[in-house]
Amino acid sequence: MKDRIVTLKKTARLAGLLYLLLAITAIYGFFYVSPKIRVSGDTVATARNMIAHELLFRSSIATDLISNVLFVAVILLLYRLFRQVDEHLAKLMAALVAVAIPVALLGGALKITALGIIKGDMDSFQSMQMQQLAETFIRLGSYSGQIITIFWGLWLLPLGLLVYRSVFIPRVLGILLIINGFGYMVSSLTFILFPEYLASVSKITFPTYFIGEIPFIFWLLIVGVRDHLSITIIAETDTQVELKRERQEEPVH
């Protein structure tokens, strides 16, 4: 029993560490690179910034790739941590992330394509055609980022429920994760349905991006799981496994 609690704690802390690295890479691209490159409503100025700060722009694509690799590792560790709480919810959580990652990688490919066009890799195009085509890819990259936000919200809902149902992590963190998830979803749906209100809605939803994931990350990293309460979930899991084994071993009449 003690060894299993230690394993559970190590899994939680490793998940917290990788989740923290994931958050740092995401913050780098969103808060540092994006304001230096993107000019809202002006794709020409954005294109100029992409050329003027090409290495910076490429570094954000690289960190996006790294963050998605980290995301895969994090979701596998969280699945291992919470599957004993509710395996179906844990699988749903992992599936939502699995759907989102290819869309995120596509966004990076669109950014690289736009940069190549702006730099004149397609010499057969006239300058105006190149500018219009690059503008299209820049917009597509931006739109994919907005749409994928709904998945960043959706996966937090089963995660929040898993945290809430677990006994080894405070329930309040589960509630905050669910609020965090709804914040992402509302922002994404506003962009799709009522884009003219996105700026106003973002002022409300933006603070919710930090109230769930950040405390959860540091809880995993510092505390991991609460030892005395982990015994309960392990005991319940053992009981369920034993009952399932007994049913399978019952003779068929």
Every listed condition ((1) surrounded by fewer than 20 Cβ atoms within 10 Å (Cβ to Cβ); (2) touching a Ser or Thr at 6+ places or on another chain (Cβ under 8 Å)) holds for residue 130 save (2)
Take the conditions among the aliphatic types (A, V, I, L, M), buried (at least 21 other Cβ atoms within 10 Å of the Cβ) and modelled with pLDDT of 80 or more and apply them to residue 162. Does it pass?
yes
For the structure I just gave you, tell me whether residue 198 is touching a residue at least 24 places away in the same chain (Cβ under 8 Å) and in a helix (DSSP H, G or I).
no
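Yes/no matrix, rows are residues, columns are (1) at pLDDT 90 or above; (2) within 16 Å of the chain's Cα centre (by Cα); (3) surrounded by fewer than 19 Cβ atoms within 10 Å (Cβ to Cβ); (4) over 20 Å from residue 102 (Cα atoms):
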{"residue": "138", "(1), (2), (3), (4)": "no, no, no, no"}
{"residue": "148", "(1), (2), (3), (4)": "no, yes, no, no"}
{"residue": "153", "(1), (2), (3), (4)": "yes, yes, no, no"}
{"residue": "167", "(1), (2), (3), (4)": "no, no, yes, yes"}
{"residue": "171", "(1), (2), (3), (4)": "yes, no, yes, yes"}
{"residue": "181", "(1), (2), (3), (4)": "yes, yes, no, no"}
{"residue": "184", "(1), (2), (3), (4)": "yes, yes, no, no"}
{"residue": "197", "(1), (2), (3), (4)": "yes, no, yes, yes"}
{"residue": "205", "(1), (2), (3), (4)": "yes, no, no, yes"}
Note to self: It is to be established whether one or more residues within segment 79-99 are free of Cβ contacts under 8 Å to residues at least 40 places away in the same chain, β-branched (Val, Ile, Thr) and out of contact with any Leu (no Cβ under 7 Å at 6 or more places or on another chain).
What the structure shows: no
For residue 2, the lone unmet condition from (1) modelled with pLDDT under 95; (2) buried (at least 20 other Cβ atoms within 10 Å of the Cβ) is (2)
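Residues are listed down the side, and each one gets a yes or a no for (1) of a type in the set (A, V, I, L, M); (2) touching a Lys or Arg at 6+ places or on another chain (Cβ under 7 Å); (3) farther than 25 Å from residue 161 by Cα:
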position	(1), (2), (3)
12	yes, no, no
23	yes, no, no
63	no, no, yes
70	yes, no, no
78	yes, no, no
82	no, no, no
93	yes, no, no
- Using the structure shown, decide if residue 34 is surrounded by 20 or more Cβ atoms within 10 Å (Cβ to Cβ) and either among the charged types (D, E, K, R) or in contact with a helix residue (DSSP H, G or I) (Cβ under 9 Å, 6 or more places away or on another chain) (or both). no
Against the definition (crowded, with 18+ Cβ neighbours inside 10 Å and basic (Lys, Arg)), how does residue 9 come out, yes or no? yes
Could you tell me whether segment 152-165 includes any residue that is under 30 Å from residue 219 (Cβ atoms) and not in a helix (DSSP H, G or I)? yes
Listed by first then second residue, the pairs whose first member lies in segment 164-190 and is on the phi < 0 side of the Ramachandran plot and without any contact (Cβ under 8 Å) to a residue 24 or more places away in the chain, whose partner is crowded, with 20+ Cβ neighbours inside 10 Å and aliphatic (A, V, I, L, M), with beta carbons under 6 Å and at least 6 positions apart or on separate chains, are 174/163
By my count, helices (runs of 4 or more DSSP H) wholly in segment 1-117 with at least 2 residues that are under 14 Å from the mean Cα position of the chain (by Cα) and not hydroxyl-bearing (Ser, Thr, Tyr) are 2-27, 54-82
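The values are calculated or read from the model by the stated rules, or taken from the named source; none is laboratory data. Small disclaimer: the values here were computed from a predicted structure and weren't measured. Neighbour counts are summed over all protein chains in view; Cβ atoms, including those assigned to glycine, are modelled from backbone coordinates with ideal geometry.
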